[in-house]
Amino acid sequence: MVASWLLRDGLGVAVRETDEMRVLVVEDDPDIRTSVARGLVAAGFAVDTADTIDQSDALLDVNAYDCTVLDRIVPGGDTVDLLNRRRHGGDATPALFLTARDAVEDRIDGFEAGGDDYLVKPFSLEELVVRVRALCRRTRTLAPTKVTVGNLVIDRAKAEVRRNGVLLPLTAKEHAILEQLAGNVDVVVSRSHLIEHCWDEVHDPMSNVVDVHISSLRRKLGEPSPISTVRGQGFILRERP
């Protein structure tokens, strides 16, 4: 079963502890899968789940994850083989094995396949959250902590945005959208791109949720607005409004 989980506020807007922290959980036991997903969502992560090798491959092909949590044996095979194959294909997404297979040789197999961590069942959900957060931070250190676009300064480490030195009260979602636009300065970014990178995969692409957040973001950024709408294509952040 493929599913997506997001912690939502009272308006139905996705809320994350930090932007772009997205985790894939591969687990065929429905009770464990649900428990892990809910625990991670409660800690502020966006979570996608899968219960087969084929589903996992499909999700990894189309989504960028900060971390994967992998049960060992699921329908379709051993996730050690899945990870080993994807590592050889250049996928460096951190992976944590969450499994009842606790023999030393099993752990060695996991690490040799490219695993970054190994947690044995039964496990503490609190410990799992801490380990996943640590792996997500590892991927974030690869990106610059600050991005400057004209008079905008986006501080990823502090999740802060300033314009002309003034701190702007952006939500986590607005910050995530602005990061996507800032990573493509003077290039049109489509609504579908923003939905893919800032919302979970099951979000309705025909809704106006992107436009609502863009409108709020423009108001907070002030005039002249650095964000323009390109009719029928998407949005563009310009170096010079």
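The values are calculated or read from the model by the stated rules, or taken from the named source; none is laboratory data. All of these numbers come straight from a predicted model, not from anything done at the bench. All Cβ positions, glycine included, derive from the backbone under ideal geometry; neighbour counts span all protein chains shown. Accessible surface is based on the protein model in full, side chains and every heavy atom, while ligands, DNA and RNA are left aside. Shrake-Rupley method; radii C 1.70, N 1.55, O 1.52, S 1.80 Å.
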* To do: Go through the residues of the stretch 83-91 one by one and say whether even a single one is in contact with a Leu (Cβ under 7 Å, 6 or more places away or on another chain) and basic (Lys, Arg).
  => yes
* Within the group 26, 47, which residue is of a type in the set (Val, Ile, Thr), at pLDDT below 95 and open to solvent by less than 20 Å² (accessible area, probe 1.4 Å)? -> 47
* Asked: Among the residues of the stretch 173-186, is there at least one that is surrounded by 19 or more Cβ atoms within 10 Å (Cβ to Cβ), part of a loop (DSSP other than H, G, I, E, B) and either of a type in the set (D, E, K, R) or at pLDDT 90 or above (or both)?
  -> no
* How many residues does the stretch 93-109 hold that are among the small types (Gly, Ala, Ser) and touching a helix residue (DSSP H, G or I) at 6+ places or on another chain (Cβ under 6 Å)? -> 1
* To do: Return yes or no: is residue 61 open to solvent by 20 Å² or more (accessible area, probe 1.4 Å), closer than 29 Å to residue 105 by Cβ and part of a helix (DSSP H, G or I)?
  => no
* Those residues that are in a strand (DSSP E or B), without any contact (Cβ under 8 Å) to a residue 40 or more places away in the chain and out of contact with any Asp or Glu (no Cβ under 9 Å at 6 or more places or on another chain), I need them from the stretch 146-172; list them, please. => 148, 155, 160, 166
* Asked: So which residues in the stretch 17-58 are hydroxyl-bearing (Ser, Thr, Tyr), within 15 Å of the chain's Cα centre (by Cα) and in a loop (DSSP other than H, G, I, E, B)?
  -> 18
